[in-house]
Every structure is written in structure tokens, then in C-alpha cells.
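Visitor: Got a structure for you, written out below as C-alpha cells; questions coming shortly.
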Amino acid sequence: QKNVLCKMGQIPKTSQFVVSLMDITDSKRAQKEKEQLEMKLIKAEKMEAVGALAGGVAHDLNNILSGIVSYPDLLLLQLSDDSPHRNAIKTIQESGKKAAAIVQDMLTMARRGVVIKEAINLNDIVSEYLESPECEKLKSFHPDVRIDFRSQKKLSNMLGSPLHTAKAVMNLVSNAAEAMPSGGDVIITTKSVRFKEPHKGYEPIPKGNYVCLSVEDNGVGILPEDIDHIFEPFYTKKKMGRSGTGLGMAVVWGTVKDQKGYVDIKSILDEGTHFELYFPVSTDEATLKKPAEHIEIIKGNGESILVVDDVKEQLEIAGNILTELGYLVR
């Protein structure tokens, strides 16, 4: 540039230039990290506010639903097997259970649900889900969707809640199926993973030993602008009332976080989405599933039970059921 200016006669050839250079790589990196932290803080505050609201609503709904869920059990105990009212009462009971399941989702999302942690094995959780009525119902809605389970033998255990982990599996598989309106493959994989260094993905994963649950589809994919919002409560692209409540992915996130786990996502439009859930390995032995107890085993013989509750309706429900089972309620 100096030679050009000299030829044009704009500056003498004897002139000197002083060039000052400054490396701003570190400052740019620091600014980017600051912006990312600010976004995480805003997102955390939003999730906390919505979670607190959902938790409060769920708590009140639990008290209201207790009568709808519990009284059908009491009535069914009193009705004969050939009673014409049994089907109607069972319908009320099933509707109440569905509503209670939504309330439980809200509690899980709000991180206020009581998560019982025990040693569990992901292979068992997935296998039980694939044999469940919920999975059969999903297959009937999506007959062109194929589910392939690729399990690692001798998979390490993890600490968590069987119920909540199964719900996370169900939500991921359901979303994968709905992402393939023309049919396709849902591939569920379990594997052991060891990160010798921190892993960078949807969120940073510290080094360590993990068991990984992977759910992959070849569906429509997720828009880049939606990736950062899919775990927010009630954020959904589905038609409300037809494809769930908008809580499914919030439940997945809440379950993973409650169990000290991490999430990674890869998605390409028109090619598919790949979710990976990472849970810390546990050396504890998995708890054997207890067989369901027959009602005759839990019936009483005049024993006294003290029932305490600050809600009158709850006292009445518990008292009536225990009385019907043969206990003396105080």
C-alpha cells in the first residue's frame, strides 16, 4: 500500500508507517462465553418460573383428582362382577388415571416430584416398555413405524426412578414415531460410554463412565431455531389435544437432570433426529421387581389405623377404602 501511494506522489518515499496489531481472540472468546452464560441464565429462570407455576397447579389438581381416581376402586370392590355399572366406573377410573399421569408429568417437569432412586438397568426399562400397552397403542397409531432395539449385553446399572426413566423412553419413542408420518425406523440403543475428556454436545458432559440411551429416527428433523426450545414446557409444533400436552420433552429433561444425567442431540432436516441420554454408572445391583400383591393379602381383620390429613376429602377417601378393606379407622 505504501509503494502505491509513493508512485501516486501522495507521500514521500522516505515516510514511515507505524502498524499496531492487537490479538482480540481471547476477548472475543470471553464475550461469546458471556453471551452463552446469559442465555443459559435466562433459560434457567424461565424454566424455574414455569416450573413453579406448574408445580403449584399440579399440587392442587392432585387433591381434586384423588376422589376421581380412588372412589372407582371403592365402588368396584362393592359391585358384583356382573354389575352393569362396572364398565362405566372403569371408564371414569381410566380417565382419572390419565389426568393423574398429566399431573405427574407437571410435577416431574417442575422438579418437585419425589424421585425414588434405585439401581436400575436401561435394558430392563426399554424391554418392559416395548411389551407395554402404551407401546402397543403407539404401534397401532403408527403401523408403518418399525422399532428396533439394539441392547448392549452386560450393561452397567444406573441410579434412578424406573417409572420416570420409562416415561422418558416412552416420550422419546413417541416423538420419533410422530416425526415419521410416512413411516420409518426408530432405533433404540443402549451402550456403555467412557469419556476420557469432557464431551461437547448439546450440553457439556464431564469426563467419566456413563450408560447411554439412544433413540434415533429418520424423520423430518428439528429446525435449528427450535433445538434450544424443545425442552421448554408446552413448547410444541404438534396440534394440542391430538399429540400430547407439550410436556413430553420437559419431562425427559427433568428426569435426566434429577438423575444427574446429560442430553445430547443431533438433528438434520428431512434426515432425522438422534437423542442420547447419558447417566452416571452405578455399581449397585439392580432391584428385583416385586410381583403384584393380590388384594386378599392387604385386607385387614379389625386392626386400627390412624389416618391424618389436612384435607377433609382425603380423610374420607382413605377412611372409606380402609374400612372396606377390613380395618378400623381412627
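Visitor: Suppose all protein chains stay in the model; what accessible area per residue would a 1.4 Å probe give for the stretch 128-178, in Å²?
Guide: Using a 1.4 Å probe on heavy atoms only, each residue of the stretch 128-178 averages 56 Å².
Visitor: Is the stretch 116-243 best put as rounded, prolate or oblate by its Cα gyration tensor, with a ≥ b ≥ c the root eigenvalues, rounded for a/c under 1.5, and otherwise prolate when a/b is larger than b/c, oblate when not?
Guide: Because a/c hits 1.5 or more and a/b fails to exceed b/c, the stretch 116-243 counts as oblate.
Visitor: Residue separation times 0.36 nm, minus the C-alpha to C-alpha distance between Ser83 and Lys97: what's the value?
Guide: 2.8 nm is the gain from fully extending Ser83 to Lys97.
Visitor: With label points built 7 Å along Cα→Cβ from the Cα atoms of Asp309 and Ser20, find their separation and express it in nm.
Guide: 7.6 nm
Visitor: Same structure, new question: Which whole-Hz couplings ³J(HN,Hα) result when phi for each residue of the stretch 140-153 is put into the Karplus expression 6.51 cos²θ - 1.76 cosθ + 1.60, θ = phi - 60°, listed in order with x for Gly and Pro?
Guide: Each residue of the stretch 140-153 in turn: 5, 6, 10, x, 8, 9, 10, 10, 10, 9, 10, 9, 7, 5 Hz.
Visitor: How far apart, in nm, are two points set 7 Å out from the Cα along the Cα-to-Cβ line at Lys90 and at Ala119?
Guide: Placing both labels 7 Å beyond Cα along the Cβ direction yields 4.0 nm.
Visitor: Going through the cross-link list Lys167/Lys257; Lys154/Lys260; Lys117/Lys257; Lys98/Lys167; Lys153/Lys191; Lys32/Lys200, which pairs have a Cα-Cα distance over 18 Å in this structure?
Guide: Cα-Cα > 18 Å for Lys154/Lys260; rest within.
Visitor: Now for a different question. Once phi is turned into θ = phi - 60°, what whole-Hz ³J(HN,Hα) does the Karplus curve with 6.51, -1.76 and 1.60 give for every residue of the stretch 273-283, x standing for Gly and Pro?
Guide: With the stated coefficients, the stretch 273-283 comes to 10, 10, 9, 10, 10, 10, 10, x, 6, 10, 8 Hz.
Visitor: Once phi is turned into θ = phi - 60°, what whole-Hz ³J(HN,Hα) does the Karplus curve with 6.51, -1.76 and 1.60 give for every residue of the stretch 209-226, x standing for Gly and Pro?
Guide: So the J values, rounded to whole Hz, are 9, 9, 9, 10, 10, 10, 10, 10, 10, 10, x, 6, x, 10, 4, x, 6, 8.
Visitor: Relative to a virtual label point 7 Å from the Cα of Leu269 in the Cα→beta-carbon direction, which members of the stretch 199-226 show backbone nitrogen distances below 18 Å?
Guide: Counting backbone N atoms under 18 Å from the label point, the list is 218-226.
Visitor: Another question, then. Take the solvent-accessible surface of the protein heavy atoms, probe 1.4 Å, and return the percent of it on the stretch 73-197 that carbon and sulfur atoms account for.
Guide: Answer for the stretch 73-197: carbon and sulfur cover 52 percent of the accessible area.
The values are calculated or read from the model by the stated rules, or taken from the named source; none is laboratory data. For clarity, every value in this text was computed on a predicted model and none was experimentally measured. Here the Cβ is made from the backbone with ideal geometry for all residues, glycine too, and neighbour counts use every protein chain on show. Accessible surface areas use protein heavy atoms only, side chains included; no ligands, DNA or RNA. Shrake-Rupley method; radii C 1.70, N 1.55, O 1.52, S 1.80 Å.
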